[in-house]
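Visitor: Questions regarding the structure given below will be posed in turn.
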Amino acid sequence: MSTEAKRLLDKIRALPLPDKVRIMNVCGGHERSISLAGLRSALPTTIELIPGPGCPVCICPEEDIYQAIQIAINEDVILLAFGDMLRVPVNVPKGTVRNLEQAKAAGADIRPIASPTEAVNIANANPEKTVVFFIAGFETTSAPVAAMIAEGIPNNLLLLLSSRLTWPAVAMLLNTETPTFDALIAPGHVASIMGSEEWHFVVDQHHMPTAIAGFTTESLLSAIYSVLRQGIEHTAFLDNCYPQVVNPHGNITAKKIVNQVFNIIDAPWRGIGIIPNSGLELSMKFDTHNARHRFPIYAEEARKKSGAMPPGCDCAGVILGKIKPNECRLYGETCFPRNPVGPCMVSDEGACRIWWSSGIKK
Amino acid sequence: MCLAVPMQVKSINGFIAHCYAKGITRDVSLFLLQDEIIEIGDYLLIHVGYAIQKISTDEALSTWELLDQLLAEESFNA
């Protein structure tokens, strides 16, 4: 740990801390940095760091994954997805295809990609085929996808969008009678696009200490120190602890492009349900690229899957910060990174996978 | 999935910047930074092949320190 990180830890230890204080982060990158640096054991035991809804793969609705699998299996298409999505299982009877990886093994043309530009290149290289790009992601990923669309996408490239916005999920958690946390660490790279102002509602409407953090140990400890001190002083303000990258208004060009190509919709989150104004869908102008409208039969079928979770899986509780990953009934019993049952054990940004990889047992 | 990686601009051709980091070069889209002045030598924060912000040299180096740790940890766990 750096000298600066040690100095910040000492400052935190010197604070007159309450008996218990719960700080939520909503970013898988933050959770990875916290686990990697061993911050939970380095900080006083009265401080609880809670991973919240910070993994877009984990909250991608079951019905959307099911739809992607069915399109890939039944239609003459090339299906593209960010690599993380391939192993996320859906809840289907034994012996049927339960994730995109199995669909690929069964012969479907499914290709993991790392960038929207790859999707454009694949569509251009295969003009006789329909190419479907299945996209889960938060604001940081939606902006590049919007750029890809705005630059002009090939006619044969369709999109199956499961893009979500982060702040409405936090708003939903805060609007419950008893929020599961006392302070918020807001996500740095989401804020680099959307601006720090987007998180003002946490302070203005809920009077909750809030700080935007980057991904280094020092930035995270600065944010933790800030929210602790705000709590002790019974004040709440939005502290930007990542000013090198985050400004009040974000990337204005990116936001303008996102608004041009997407509409904001009420959208389902896996295991959680519909969160108002939390999803992005293609605007009417780009309707001919909407895979849901091109293949409506699977959307209809998939609707029956709405809200389904694997039996015994407590991912929803983990995502909402109601239980810790290792309190799930399946964690380390039947659910492991190599053979995941729930989505939080699949993604590199899923809380269960991060905790398991950092050696936390049940 | 929201993690972005710093890279340095080596050459620019329209909205495409040829960028470098840690022995790797990539063509990166500048479409989301089209209203900013980007020059050779600048550091950019890259996510899924798109530059999303211009950053300082100091910020780029401290982020790479962290990413080196994450990568080392991952190869240890693999």
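The values are calculated or read from the model by the stated rules, or taken from the named source; none is laboratory data. Not measured: the values here are computed from a predicted model. A quick note on method: Cβ atoms are made from the backbone with ideal geometry, for glycine too, and the neighbour counts reach across all protein chains shown. When the accessible area is computed, the model is the full protein with side chains, heavy atoms only, and any ligands, DNA or RNA have been set aside. Shrake-Rupley method; radii C 1.70, N 1.55, O 1.52, S 1.80 Å.
Visitor: Kindly check whether there is at least one residue in the stretch A:96-119 that is over 24 Å from B:Ile16 (Cβ atoms), modelled with pLDDT under 95 and open to solvent by 50 Å² or more (accessible area, probe 1.4 Å).
Guide: yes
Visitor: What's the total number of residues in the stretch A:274-289 that are in contact with a helix residue (DSSP H, G or I) (Cβ under 9 Å, 6 or more places away or on another chain), more than 21 Å from A:Leu79 (Cβ to Cβ) and surrounded by 13 or more Cβ atoms within 10 Å (Cβ to Cβ)?
Guide: 3
Visitor: Within the stretch B:1-28, how many residues are of a type in the set (Lys, Arg) and either touching a Lys or Arg at 6+ places or on another chain (Cβ under 7 Å) or within 13 Å of another protein chain (Cβ to nearest Cβ) (or both)?
Guide: Residues in the stretch B:1-28 being of a type in the set (Lys, Arg) and either touching a Lys or Arg at 6+ places or on another chain (Cβ under 7 Å) or within 13 Å of another protein chain (Cβ to nearest Cβ) (or both): 1 in total.
Table: residues versus (1) open to solvent by 20 Å² or more (accessible area, probe 1.4 Å); (2) more than 14 Å from every other protein chain (Cβ to nearest Cβ); (3) more than 20 Å from B:Ile52 (Cβ to Cβ); (4) outside any loop (DSSP other than H, G, I, E, B).
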{"residue": "A:Phe201", "(1), (2), (3), (4)": "yes, yes, yes, yes"}
{"residue": "A:Ile212", "(1), (2), (3), (4)": "no, no, no, yes"}
{"residue": "A:Glu218", "(1), (2), (3), (4)": "yes, no, yes, yes"}
{"residue": "A:Ile224", "(1), (2), (3), (4)": "no, yes, yes, yes"}
{"residue": "A:Val227", "(1), (2), (3), (4)": "no, yes, yes, yes"}
{"residue": "A:Gln230", "(1), (2), (3), (4)": "no, yes, yes, yes"}
{"residue": "A:Pro248", "(1), (2), (3), (4)": "yes, no, no, no"}
{"residue": "A:Lys255", "(1), (2), (3), (4)": "yes, no, no, yes"}
{"residue": "A:Gln260", "(1), (2), (3), (4)": "yes, no, no, yes"}
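Visitor: Here are the criteria: (1) at pLDDT below 95; (2) farther than 19 Å from A:Arg87 by Cα; (3) part of a helix (DSSP H, G or I). Tell me which single one A:Ala316 does not satisfy.
Guide: Unmet for A:Ala316, out of (1) at pLDDT below 95; (2) farther than 19 Å from A:Arg87 by Cα; (3) part of a helix (DSSP H, G or I): (2).
Visitor: Scan the stretch B:25-40 and report the pairs whose first residue is buried (at least 20 other Cβ atoms within 10 Å of the Cβ) and whose second residue is among the polar types (S, T, N, Q), with Cβ atoms within less than 8 Å and a gap of 6+ or a chain change.
Guide: What qualifies is B:Ser29/A:Thr117; B:Leu32/A:Asn251; B:Leu32/A:Thr253; B:Leu33/A:Asn251; B:Leu33/A:Thr253; B:Leu33/B:Gln53.
Visitor: Please indicate, with yes or no, whether at least one residue in the stretch B:54-61 is touching a helix residue (DSSP H, G or I) at 6+ places or on another chain (Cβ under 9 Å), facing chain A (nearest Cβ under 10 Å), in contact (Cβ under 8 Å) with a residue 40 or more places away in the chain and under 27 Å from A:Met1 (Cα atoms).
Guide: Checking the stretch B:54-61: at least one residue is touching a helix residue (DSSP H, G or I) at 6+ places or on another chain (Cβ under 9 Å), facing chain A (nearest Cβ under 10 Å), in contact (Cβ under 8 Å) with a residue 40 or more places away in the chain and under 27 Å from A:Met1 (Cα atoms).
Visitor: Which residues, taken from the stretch A:94-149, are within 14 Å of another protein chain (Cβ to nearest Cβ) and among the small types (Gly, Ala, Ser)?
Guide: A:Ala114, A:Ser115, A:Ala119, A:Ala136, A:Gly137, A:Ser142, A:Ala143, A:Ala146, A:Ala147
Matching residues to (1) acidic (Asp, Glu); (2) over 21 Å from the mean Cα position of the chain (by Cα):
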position	(1), (2)
A:Ile319	no, no
A:Glu333	yes, yes
A:Arg338	no, no
A:Gly342	no, no
A:Asp348	yes, no
A:Arg353	no, no
A:Ile360	no, yes
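Visitor: Mind checking whether some residue in the stretch A:290-306 is in a loop (DSSP other than H, G, I, E, B), open to solvent by 30 Å² or more (accessible area, probe 1.4 Å) and under 25 Å from A:Phe181 (Cα atoms)?
Guide: no
Visitor: Collect the residues in the stretch B:62-78 that are within 9 Å of another protein chain (Cβ to nearest Cβ) and without any contact (Cβ under 8 Å) to a residue 12 or more places away in the chain, keeping them in residue-number order.
Guide: Matches in the stretch B:62-78: B:Ser62, B:Glu65, B:Leu66, B:Gln69, B:Leu70, B:Glu73, B:Glu74, B:Asn77.
Visitor: Going through B:Val9, B:Val5 one at a time, which residue ends up being closer than 21 Å to A:Glu218 by Cα, touching a residue at least 24 places away in the same chain (Cβ under 8 Å) and either among the aliphatic types (A, V, I, L, M) or in contact with a Phe, Trp or Tyr (Cβ under 9 Å, 6 or more places away or on another chain) (or both)?
Guide: B:Val5
Visitor: What residue, among those in the stretch A:186-199 that are assigned to a helix (DSSP H, G or I) and buried (at least 24 other Cβ atoms within 10 Å of the Cβ), is farthest from the other protein chains (Cβ to nearest Cβ)?
Guide: Here the residue is A:Trp199.
Visitor: Restricting the first residue to the stretch A:242-264 and requiring it to be at positive phi and at pLDDT 95 or above, which pairs with a second residue that is assigned to a loop (DSSP other than H, G, I, E, B) and small (Gly, Ala, Ser) meet a Cβ separation below 9 Å and a spacing of at least six or different chains?
Guide: A:Gly250/A:Gly195
Visitor: Any residue at all in the stretch A:68-80 that is buried (at least 23 other Cβ atoms within 10 Å of the Cβ) and in a strand (DSSP E or B)?
Guide: yes
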